[in-house]
1. If you consider only alpha-carbon coordinates, what radius of gyration and Dmax does region B:77-186 have, in Å?
2. Starting from the coordinates of the alpha-carbon atoms of the protein assembly as shown, obtain the Kirkwood hydrodynamic radius over all distinct pairs and give the value in Å to one decimal.
3. With 26 Å as the cut-off, how large is the P(r) tail for chain B, expressed as percent of Cα-Cα pairs?
4. Just the projected area, averaged over all directions, of the convex hull on the alpha carbon atoms of region A:108-244: how many nm²?
5. Is there a simple number for the mean count of other chain Cβ atoms within 10 Å of the Cβ of residues in B:124-130, and what is it?
6. Roughly how far apart, in whole Å, are the Cα centres of region A:167-228 and region A:45-83?
7. So for region B:67-138, considering every pair of alpha-carbon atoms, how many percent are separated by more than 15 Å?
8. Only Lys, Arg, Asp and Glu count, each charged at its Cβ (+1, +1, -1, -1), so figure out the dipole size of the protein assembly as shown about its Cα centre, rounded to 20 debye.
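Taken together, the values in this text are just the output of simple stated rules run on the coordinates, not laboratory data. As the structure is a prediction and not an experimental result, all values here were calculated from the model. Cβ placement follows ideal geometry from the backbone for every residue including glycine, while neighbour counts extend to all protein chains displayed.
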Amino acid sequence: MADATMFPIVLDDLRYTPGGRSVLAGVNLQFGDDGISVILGPNGAGKSVLLRSIAGLLKPSHGRIVWGSNGYPGTQIAMVFQQPMLLRGSVAFNAGLGLKPLGLSRERMQARIAEVLERVGLAHRMHDSARHLSGGERQRLALARAWAVKPRLLLLDEPTAALDPSATEEVERIVREIRTEGARILMTTHNLGQAMRISDDIVFIDAGLIREHTPTTRFFTRPQSKEARLFIQGELPWRITFDD
Amino acid sequence: MLSALGEALSLLTQFDAEFMRIVWLSFKVSGAAVVLGTLIGLPFGAWLAVADFRGRGAVTVLLNGLMGLPSVVVGVLVYLALSRSGPLGTWGMLFTPTAMVIAQTILVIPLMAALTRQIIEDAWREYANELRSLHFSLWHSVTTLLYDCRFSLLVSVLAGLGRAMSEVGAVMIVGGNIYGYTRVMTTAIALETAKGDLPLSVALGSVLLSVVLLLNAMAYLLRRWAMRRYG
């Protein structure tokens, strides 16, 4: 691994209560330096808020996040949103946005942009306007933008929520490839099939509380909490039933 | 009335020297004021949209209020500053085109900054999380948003140009409406109308109106092209 000093990431009694409403109700979690963790839960469970707190975009009302031995790692974190921001410029311009704060030379920036666009299959559209891309292409561009900075931690906030199955599959392929390059990945979704396909472990969150944090296989075969069981049954009633 | 229109047309078609000098000086003064207003007002408005500080609301209200700043008030203030006994009196700029540029710049900055703030604030609301997640500094966010909203910000630049070109009170006070030196279209129209010389007033008014319409048409076409090109 390039730099393991930002791990483990420890979330210590994280609470987020805007206007007195409890969105995160005391989250305790720990993430090691490898793998893909999927944060799973129904709408409004607090998945995105949790991810944004880790990204530093939201200040928790209470609790803290401890980053290994080195503190908050800044530019080693990248994030991709459900609806990615695309500026009025070319695909290449948008792919290189995250590289600007890194102070790379123009040549190195262009080389990195070309490389990531090639790997997400958008090299042929490099000079097109980013806003003319399809939904799947937009999300691949957002992944390329995040990948370009070689993040050690990649946060994905429901990156495939608005995509069709073929675009979703392509995004999942890219996510796996980014992981093999050494990025630790935290991803939110409410898509159980996707969680099964892509994750090493599942964090199940409901009403701002972590109900389970277990390996993926175990989560789907032997969920420990009633909430997780009901969620799995409700989402995939034709596939999984539990004896108890 | 008809003879005045006929004479105005002849001034326009014959490129009368005095007439052309007035038109050219108007463009130079208002153009310089808008360039300065763009360089100061746009970044300031964008910064105000993005920055988070105590008193931001008060600054925004003040800026919006200054959009309606009376031009004669600006004229008097600049006059006092540049007059021989004023703090900048030694610069010797009163009754020069430079003084007119200063007055018009002061007039257009609040207008351009306030419109820019509104446009950039809307974009910031949409992009803030993503720009923060890209670890952009405040200044980097400001320049990025200004770039992304460049076509919408044409409205702000055009509003500034419209205000500068149509302004008469401030330039009359600090320029003095000196024949062949500081006379611009608006001050010339005011003077010639008072003297009863309608042909020159009508001709200058036609140019003023045509320029404003032409610029707006160009801005409209540019925006339409940009929407097609960039989405």
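1. Just the Cα atoms of region B:77-186 yield Rg and Dmax of 18.9, 58 Å.
2. Working: mean 1/r = 0.0378 Å⁻¹.
Evaluated over the protein assembly as shown, this radius sits at 26.4 Å.
3. On the way: 12396 of 26565 pairs.
The calculated P(r) of chain B puts 47 percent of pairs beyond 26 Å.
4. Values: hull surface 38.0 nm².
The orientation-averaged projected area of the Cα hull of region A:108-244 comes to 9.5 nm².
5. Details: counts 0, 0, 2, 3, 2, 8, 13.
Mean shielding count: 4.
6. 17 Å
7. Numbers: 1676 of 2556 pairs.
When every Cα pair of region B:67-138 is considered, 66 percent fall beyond 15 Å.
8. 460 debye
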